[in-house]
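Everything on this sheet refers to the single structure shown next.
The values are calculated or read from the model by the stated rules, or taken from the named source; none is laboratory data. The shown structure was predicted, so the numbers you read here are calculated from the model rather than taken from an experiment. Virtual Cβ from ideal backbone geometry, glycine too; neighbours counted across all protein chains shown.
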Amino acid sequence: MTKIENNKTNLLPFILVGVGLMVFIGIAIYVQGAKGIDQITLEEFLLPPIEVDQPAPELTLFDLDGNQVSLSDFVGQVVLVNNWATWCPPCRQEMPEFKAYYEKYRDEGFQIVAVEAGQPEAEVRSFVKEQGLEFVILLDPGNKSLITFQNSTLPNSWVIDRKGHLRMAWLGAINLQTLEKYVTPLLEE
């Protein structure tokens, strides 16, 4: 297989995610009828994950303490990689949900790696402190993670299993119920 054919094959899951998201949003808007788009709640936009089965990409960034952190450091754990930004309302809505799930499952081999997409470090630190977040926060001033995961939609989340394989992805916000339904079974594998 040529490099071009291989790249096209690698893009297929991302294209399917985008098409699926557009179809879902169209259906949600149709079902809402007279309800304005600004009145639709987060719960009404929750999506099942897109199933993915490929090795997790290599990604190395720095945390808030200046330590270099790689996704491969977490092999043996189930990892939720979340690309987010402090200015993004759905991203901000997700954080308490992530915090609750992390606190419940961190002792069972679950980790969150939250990659902040380019905001100043002081702003990120302030948000993390305000929210009381204890999971891994990585700084990404060059949007390396968005490029690596080939997705610029915020938020987006990717789940890596204990063996280092991408298993599922979401474009858009997710909540505690979604994590319980789809991620918890991976912790039991």
ask   = Of all residues in the stretch 137-147, how many are surrounded by 20 or more Cβ atoms within 10 Å (Cβ to Cβ) and in a loop (DSSP other than H, G, I, E, B)?
value = 1
key: Only one of Tyr101, Tyr105 that is under 14 Å from the mean Cα position of the chain (by Cα) and in contact (Cβ under 8 Å) with a residue 12 or more places away in the chain   = Tyr101
key: All positions within the stretch 49-70 that are surrounded by fewer than 16 Cβ atoms within 10 Å (Cβ to Cβ) and either within 13 Å of the chain's Cα centre (by Cα) or small (Gly, Ala, Ser) (or both)   = Gly66, Ser70
request  = Scan the stretch 114-136 and report the pairs whose first residue is under 11 Å from Trp84 (Cβ atoms) and in contact (Cβ under 8 Å) with a residue 40 or more places away in the chain and whose second residue is among the hydroxyl-bearing types (Ser, Thr, Tyr) and part of a loop (DSSP other than H, G, I, E, B), with Cβ atoms within less than 6 Å and a gap of 6+ or a chain change.
outcome  = Phe127/Thr86
request  = Select from the stretch 148-175 the residues that are more than 11 Å from the chain's Cα centre (by Cα) and in a strand (DSSP E or B) and write down the one among them that is farthest from Phe62 (Cα to Cα).
outcome  = Arg167
task = Report, ordered by the first and then the second residue, all pairs with beta carbons closer than 8 Å, sequence separation of six or more or different chains, a first member in the stretch 165-182 that is under 19 Å from Pro89 (Cβ atoms), and a second member that is part of a helix (DSSP H, G or I) and among the polar types (S, T, N, Q).
result = Trp170/Thr178; Ala173/Gln93
request  = Return the residue satisfying two criteria in turn: it lies in the stretch 94-126 and is polar (S, T, N, Q) and modelled with pLDDT of 95 or more, and of such residues it is nearest to Leu186 (Cα to Cα).
outcome  = Gln111
ask   = What pairs can you find where one residue is in the stretch 58-71 and free of Cβ contacts under 8 Å to residues at least 60 places away in the same chain, the other is in a loop (DSSP other than H, G, I, E, B) and of a type outside the set (A, V, I, L, M), and their Cβ atoms are less than 8 Å apart, with a gap of 6+ or different chains?
value = Ser70/Glu58
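Given the structure, is Leu154 modelled with pLDDT under 95, crowded, with 18+ Cβ neighbours inside 10 Å and within 10 Å of Pro49 (Cα to Cα)?
Numbers: modelled with pLDDT under 95: yes; crowded, with 18+ Cβ neighbours inside 10 Å: yes; within 10 Å of Pro49 (Cα to Cα): no.
Taking the combined requirement at face value, the residue does not satisfy it.
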